[in-house]
Amino acid sequence: VMLAAANKFVVVIDAGHGGRDPGAVRGKIQEKSINLGVALALGNMIKENMGDVKVVYTRNRDVYLTLNERAEKANREKANLFISIHTNATASKSTTASGADTYIMGLARSEESLEVAKRENSVILLEDDYSAKYEGFDPNQPESYIIFEFMSNKYMEQSLELASAIQTQFRTRAKRVDRGVRQAGFLVLRKPSMPSILIELGFINNANEAAFLNSKAGQRKMAESIFEGFKKYKREFDKKRGVAVGD
């Protein structure tokens, strides 16, 4: 029995950065392209294998979107899940750091997590009038992040469940260093009213990791891992709702 479109589970896949915002760049490798490659591969896997899921991309090509536009699209689509895909970098030219981590919204518990959030949030500086649009938020001021301590996150448990399932896959399937599930104050996770996660696939300023993430095979491996984690999450989701679960 085909489910009516209204009953479809909606997942919004957000390829971070794009257009005039390349994200992290090292040499010829640009974060925006890695993110998009993985996002499209993931979307295709879901479309091919899960007929009861509707895939929505915030962007499916190289265009610029604000953080608010990404979140608003998820809310408009009444999404059941928001997955934002990014690539990590440290401030130095190169790094020995490697591995993937998945973030849920909250107050950063470490300096490192705060730095990642600052870097991702600083894209709002490309917008005119960003201070008004983001209620006076200054991505570079640690005190701006205190808002995340007081935000009730009623989707935390589900976000955590999905993040953990994906991290397991990164470790076992993609053979990545598992940097775990973390919390930090990402603006893009603040507005969506559904379980939401932000993935950092690996480090663009680690030469080996960048080469892997910039390859079709690497992007496919990462997409596959996210897909398998999502599939596990969706099975649990259906079970809780008493929906008959196939394999």
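The values are calculated or read from the model by the stated rules, or taken from the named source; none is laboratory data. Computed from a predicted model, the values in this text were never measured in an experiment. As a convention, Cβ positions derive from the backbone with ideal geometry for all residues, glycine included, and neighbour counts pool all protein chains shown. Side chains are part of the model used for accessible areas, which takes the heavy atoms of the whole protein and leaves out ligands, DNA and RNA. Shrake-Rupley method; radii C 1.70, N 1.55, O 1.52, S 1.80 Å.
Observations
- Rounded to the nearest 10 square angstrom, Ser215 shows an accessible area of 40 square angstrom against a 1.4 Å probe.
- An oblate overall shape is assigned to the range 113-214, the ratio a/c of its alpha-carbon gyration tensor axes (a ≥ b ≥ c) being 1.5 or greater and a/b not exceeding b/c.
- Cut-off under 5 Å, modelled amide H: who pairs with Thr95 long-range: Asn206, Ala207
- Taking a Cβ cut-off of under 11 Å around Asp62, the surrounding Lys, Arg, Asp and Glu residues balance to a net charge of +3, with basic ones at +1 and acidic ones at -1.
- Residues with amide H under 5 Å from that of Ile199, placed H, sequence gap 5 or more: Ser84, Ile85, His86, Tyr103
- Shape call, the range 138-177: gyration tensor on alpha carbons, a/c limit 1.5: oblate
- Per residue, the accessible area of the range 86-158 comes to 54 Å², computed with a 1.4 Å probe over protein heavy atoms only.
- In the chain, helical runs assigned H by DSSP with n ≥ 4 each contribute -39500 (n - 2.57); averaged across all residues and rounded to the nearest 500, the mean residue ellipticity at 222 nm is -12000 deg cm²/dmol.
- Our coupling estimate for the range 27-35, obtained by passing each phi through the Karplus curve with A = 6.51, B = -1.76, C = 1.60 and θ = phi - 60°, is x, 8, 8, 10, 4, 4, 6, 4, 4 Hz, Gly and Pro reported as x.
- The range 66-134: trypsin sites (Lys or Arg not before Pro) falling in loop per DSSP and having at most 12 other Cβ within 10 Å: Lys78, Lys93, Arg109
- FRET E, pair Lys133, Lys47, Förster distance 30 Å, beta-carbon r, rounded to 0.05: 0.35
- ³J(HN,Hα), Karplus 6.51/-1.76/1.60, whole Hz, each residue of the range 157-162, x for Gly, Pro: 4, 5, 4, 5, 4, 5
- Solvent-accessible surface ranking, highest first, for Phe203, Phe150 at 1.4 angstrom: Phe150, Phe203
- The HN-Hα couplings worked out from phi for the range 114-123 by the Karplus form 6.51 cos²θ - 1.76 cosθ + 1.60 (θ = phi - 60°) are 4, 4, 5, 5, 4, 5, 5, 6, 5, 5 Hz, whole numbers, x standing for Gly and Pro.
- Rounded to the nearest 5, the antiparallel percentage of DSSP beta bridges internal to the chain is 20%.
- Accessible surface of the chain, 1.4 Å probe, proportion on carbon and sulfur as whole %: 51
- Heavy atoms of Tyr64: accessible area, 1.4 Å probe, square angstrom to 10: 60
- For the pair the range 172-247 / the range 67-136, the C-alpha centres are spaced 15 Å from each other.
- Nonlocal amide H pairs with Lys54, under 5 Å, H built at 1.01 Å: Phe9, Val10, Val11
- Cross-link pairs Lys47/Lys93; Lys93/Lys191; Lys47/Lys154; Lys28/Lys232; Lys54/Lys221; Lys32/Lys54 - those with Cα-Cα distance over 30 Å: Lys47/Lys93; Lys93/Lys191; Lys28/Lys232
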